[in-house]
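The values are calculated or read from the model by the stated rules, or taken from the named source; none is laboratory data. Everything numeric here is computed off the predicted structure, so don't read it as measured data. Cβ coordinates were reconstructed from backbone atoms using ideal geometry, including for glycine residues, and neighbour counts include every protein chain displayed. These accessible areas exclude ligands, DNA and RNA; they are computed on the full protein's heavy atoms, side chains included. Shrake-Rupley method; radii C 1.70, N 1.55, O 1.52, S 1.80 Å.
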Amino acid sequence: IKPYLTGNYVKTFLIYLTEEKMENLSVEELQEDFLPDDKNYNVVFTTIDRDSLVAVVIFRREDGENVSGDFMEQMRVRWDKAVIISGAECALKGDGIRSSYRSAAAVSRYRFIFSDKESLSYEEIGLENRKASGSHQKLFDAIAKDLNGDNLPDLKDQIEMLVVSFQSGNYTIEYCMSTLGDLVSLLYQVMQNHHLDMWVVFGYDIREYFKQIPDIRRFHEWCDVICEMVLKNIHQNKAVIGVGIEDKMLRIIEE
């Protein structure tokens, strides 16, 4: 790769393709379209994960303003629906390539929250300024109240508010995932309080299943369904208990 290392700055891009396109991808053929010194930047392509292509873009600092836009346009011509993540611009010498790649990998985790966007950049996400804590306790109290009060419309509104707060509240991805885990644990606890068996109701452990959900939109859809099922079973449980109490009271009166 020495012929490609002619600049003094580096920026790493992660390009997420569909499974079919990744299977048909030839990195060697792609590299041949980006020969050294063919443009005002050089690119070295490789793969690390099964679903992403890594592009290490090397350029002179004075050309940096136009490099990202031009490179992304080249990628869009090839794959119009690809999700493109860009890391920080780093000096090439020393640990520059590693640092740029690690920043891109950190940004890529935010695809969970911003699942509707086709590109995310290190500058846009602003990792250093994100909050590692928040105040969602009042929202959780309202969710618990709606669960126990059989109020499905308000419950869905509260969950939507939680999702929106993640997308607009400048939180770290670690905090968002931890909070979603707390929400699932709250649903489980409500079921426990109403003597509902999670495996009977769902057939799986919701506390583990949610970790496999790929983005916030699908989590929102899944959580709405879970809440409907929980409230339905709570309502049925109350109805059965109510009938039992009524029968006992009638027998006492008759006696």
Counting only trypsin sites (Lys or Arg not before Pro) that are in a DSSP loop and have at most 16 other C-beta atoms within 10 Å, tell me the longest site-free stretch of the chain. 131-255
Under unit Cβ charges (Lys, Arg +1; Asp, Glu -1), what dipole magnitude, rounded to 20 debye, does the range 144-255 have relative to its Cα centre? 140 debye
Using only the alpha-carbon atoms, how far is helix 152-168 inclined from the longest principal axis of the chain? Give it as 0 to 90 degrees, nearest 10. 20 degrees
Kindly provide the pair-distance distribution of the range 36-103 built from C-alpha pairs, with 5 Å bins from 0 and whole-percent values in order of increasing distance. 3, 15, 26, 29, 19, 7, 1
Which Cα, out of Ile253, Ala91, Asn193, lies furthest along the positive dipole direction of the chain (beta carbon charges, K/R +1, D/E -1)? Ala91
Accessible area per residue in Å² at 1.4 Å probe, computed on the range 1-45: 58 Å²
Normalised alpha carbon radius of gyration of the range 152-198 [divisor 2.2 N^0.38 Å]: 1.33
In deg cm²/dmol and to the nearest 500, what is the mean residue ellipticity at 222 nm of the chain if only DSSP H runs of at least 4 residues count, each as -39500 (n - 2.57), divided by the residue total? -17500 deg cm²/dmol
What percentage of all Cα-Cα pairs in the range 100-255 are separated by more than 28 Å? 33 percent
Share of accessible surface on carbon and sulfur in the chain, whole %, 1.4 Å probe and ligands ignored, is 49 percent
Per the range 168-250, sqrt(5λ) over the Cα gyration tensor eigenvalues, sorted largest first, in Å, gives 33, 12, 11
Relative to the longest principal Cα axis of the chain, at what angle does helix 64-78 sit, 0 to 90 degrees, rounded to 10? 70 degrees
On a 0 to 90 degree scale, rounded to 10, what angle separates helix 137-148 from the longest Cα axis of the chain? 40 degrees
Mean 1/r over distinct Cα pairs of the range 1-119, inverted to a Kirkwood Rh in Å, yields 14.5 Å
Taking the Cα centre of the chain as the origin, how large is its charge dipole in debye, to the nearest 20, when only Lys and Arg (+1) and Asp and Glu (-1) carry charge on their Cβ atoms? 640 debye
Value of relative contact order over the range 1-129, rounded to a whole percent, pairs C-alpha under 8 Å and six or more apart: 32 percent
Under a 1.4 Å probe, what is the accessible area of the range 82-164 per residue, stated in Å²? 53 Å²
